[in-house]
1. Between a first residue in the range 49-61 that is modelled with pLDDT of 95 or more and a second residue that is among the acidic types (Asp, Glu) and open to solvent by 50 Å² or more (accessible area, probe 1.4 Å), which pairs have beta carbons less than 8 Å apart while being 6 or more apart in sequence or on different chains?
2. Take the residues in the range 56-70 that are farther than 12 Å from Ile11 by Cα and outside any strand (DSSP E or B); name whichever of them is least open to solvent (accessible area, probe 1.4 Å).
3. What number of residues in the range 1-47 are open to solvent by less than 20 Å² (accessible area, probe 1.4 Å), among the β-branched types (Val, Ile, Thr), at pLDDT 95 or above and over 13 Å from Lys64 (Cα atoms)?
4. Anything in the range 1-48 that is touching a Ser or Thr at 6+ places or on another chain (Cβ under 9 Å) and touching a residue at least 12 places away in the same chain (Cβ under 8 Å)? List them, or say none.
Amino acid sequence: MEIIKIKDEYIKLGQALKLAGFVDSGLEAKDAVINGSVKVNGETELRRGKKLYHGDIVEYGRNKLQINAGGSI
């Protein structure tokens, strides 16, 4: 599982997918989310702007990441 360290309280789902390298663009992130391919904490998430906080887990295909707030990007 990949860990993303963010400096702010939260990061939006589309941004997290790009930061982790799971997608190459915002459009690709939007398509992945709208198609129901992304899960947050085990639940399918259809909002690209969903705010992710410390400890949230994102799954996209075989890729998995955890959000770690309080770090630096």
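The values are calculated or read from the model by the stated rules, or taken from the named source; none is laboratory data. These figures come from a predicted structure and were not determined experimentally. Backbone-built Cβ (ideal geometry, glycine too); neighbour counts: all protein chains shown. Accessible surface areas use protein heavy atoms only, side chains included; no ligands, DNA or RNA. Shrake-Rupley method; radii C 1.70, N 1.55, O 1.52, S 1.80 Å.
1. Tyr53/Glu9
2. Looking at residues that are farther than 12 Å from Ile11 by Cα and outside any strand (DSSP E or B), I get Gly61.
3. Matching residues across the range 1-47 total 2.
4. Lys5, Ile6, Lys7, Ser37, Val38, listed by residue number.
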